[in-house]
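Comments concern the structure below.
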Amino acid sequence: AAGVIQSPRHLIKEKRETATLKCYPIPRHDTVYWYQQGPGQDPQFLISFYEKMQSDKGSIPDRFSAQQFSDYHSELNMSSLELGDSALYFCASSLRVGINEQFFGPGTRLTVL
Amino acid sequence: TQLLEQSPQFLSIQEGENLTVYCNSSSVFSSLQWYRQEPGEGPVLLVTVVTGGEVKKLKRLTFQFGDARKDSSLHITAAQPGDTGLYLCAGVLYSSASKIIFGSGTRLSIRP
């Protein structure tokens, strides 16, 4: 079965640079979520989109923005990167109707030097 | 403070032993999921419980949702080294169906 696809899997950036992470949800899923997971921590919710509209907002810094496109893929844009932004970034998708199970992608490991 | 408290945080046991991981909250959830995560990879969904008092079994894993839908447990029978990993509970709040709240995680290590 098709799973959530994330790209790139690994990304190395310098401080103050920008980064764009991409997420392709499971086909027919209408909701996308972004999470940040620091070393030894549980995933922290950043933002979610339902039917291309922002649905909920968590602890996403103002330097970050995200959107969901007409084909339901989503991009997380990160600007003025800081050392503390180094983390695993996960995208999850779900079908909003019903029990709303979230299925996670393999993640993007971002390293800011 | 963590909305979903998971315990224990760390657990190291011998192969063949049984164990239980707990996930507790003062909030009511419309559903609760259990995930297992390997280092550097995304959480993999193991099970979703929806009905208060529900029990679901997945081979040697037994998941239970509390009657009041505020807590859940994961019981592993005859643990094997392949069960090693990070176990996360995650709940969907009635008040916000668009995000899930993760527990703090239980890092499980099974010694051969």
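The values are calculated or read from the model by the stated rules, or taken from the named source; none is laboratory data. Everything quoted here is computed from the prediction, not taken from an experiment. Backbone-built Cβ (ideal geometry, glycine too); neighbour counts: all protein chains shown.
Kindly list the number of the only condition in (1) in contact (Cβ under 8 Å) with a residue 24 or more places away in the chain; (2) in a loop (DSSP other than H, G, I, E, B) that fails for A:Ser70.
(1)
Do you know which residues across the range A:73-113 are more than 20 Å from B:Gln37 (Cα to Cα), part of a loop (DSSP other than H, G, I, E, B) and more than 8 Å from chain B (Cβ to nearest Cβ)?
Within the range A:73-113, A:His73, A:Ser79, A:Ser80, A:Leu81, A:Glu82, A:Leu95, A:Val97, A:Gly98, A:Leu113 meet the criteria.
Give the number of residues within the range A:2-19 that are at pLDDT below 95 and either surrounded by 13 or more Cβ atoms within 10 Å (Cβ to Cβ) or on the phi > 0 side of the Ramachandran plot (or both). Give the steps one after another, and end with the answer.
We begin by selecting, within the range A:2-19, every residue at pLDDT below 95; these are A:2-3.
Those left that are additionally either surrounded by 13 or more Cβ atoms within 10 Å (Cβ to Cβ) or on the phi > 0 side of the Ramachandran plot (or both): A:3.
Of the residues in the range A:2-19, 1 are at pLDDT below 95 and either surrounded by 13 or more Cβ atoms within 10 Å (Cβ to Cβ) or on the phi > 0 side of the Ramachandran plot (or both).
For the structure I just gave you, tell me whether B:Gly42 is touching a strand residue (DSSP E or B) at 6+ places or on another chain (Cβ under 7 Å), closer than 30 Å to A:Leu110 by Cβ, surrounded by 16 or more Cβ atoms within 10 Å (Cβ to Cβ) and small (Gly, Ala, Ser).
Working: touching a strand residue (DSSP E or B) at 6+ places or on another chain (Cβ under 7 Å): yes; closer than 30 Å to A:Leu110 by Cβ: yes; surrounded by 16 or more Cβ atoms within 10 Å (Cβ to Cβ): yes; small (Gly, Ala, Ser): yes.
The answer is yes for B:Gly42.
Are any residues in the range B:11-32 within 30 Å of A:Gln6 (Cα to Cα) and either modelled with pLDDT under 95 or assigned to a loop (DSSP other than H, G, I, E, B) (or both), and if so, which ones? Break it down into steps so the answer makes sense when it comes.
First pass over the range B:11-32, keeping only residues within 30 Å of A:Gln6 (Cα to Cα): B:23, B:29-32.
Across the range B:11-32, the qualifying residues are B:Phe29, B:Ser30, B:Ser31, B:Leu32.
Is it the case that some residue within the range B:14-23 is in contact with a helix residue (DSSP H, G or I) (Cβ under 7 Å, 6 or more places away or on another chain) and surrounded by fewer than 18 Cβ atoms within 10 Å (Cβ to Cβ)? Working first, answer last.
So in the range B:14-23, the residues in contact with a helix residue (DSSP H, G or I) (Cβ under 7 Å, 6 or more places away or on another chain) come out as B:15.
Imposing the further condition that a residue be surrounded by fewer than 18 Cβ atoms within 10 Å (Cβ to Cβ) reduces the set to B:15.
Yes, there is a match, as at least one residue in the range B:14-23 is in contact with a helix residue (DSSP H, G or I) (Cβ under 7 Å, 6 or more places away or on another chain) and surrounded by fewer than 18 Cβ atoms within 10 Å (Cβ to Cβ).
Among the residues of the range B:80-112 satisfying the criterion of being in a loop (DSSP other than H, G, I, E, B) and farther than 22 Å from B:Asn24 by Cβ, which is nearest to the other protein chains (Cβ to nearest Cβ)?
Quick first cut of the range B:80-112, residues in a loop (DSSP other than H, G, I, E, B) only: B:80, B:84, B:94-99, B:103-105, B:112.
Okay, now just the ones that are also farther than 22 Å from B:Asn24 by Cβ, so B:80, B:84, B:98, B:112.
On the way: B:Gln80: 24, B:Thr84: 16, B:Ser98: 4, B:Pro112: 24 Å.
Residue satisfying both the conditions and the ranking: B:Ser98.
Which residue is nearest to the chain's Cα centre (by Cα), if the candidates are limited to the range A:20-57 and must be of a type in the set (Gly, Ala, Ser) and crowded, with 16+ Cβ neighbours inside 10 Å?
For the range A:20-57, the residue satisfying everything is A:Ser48.
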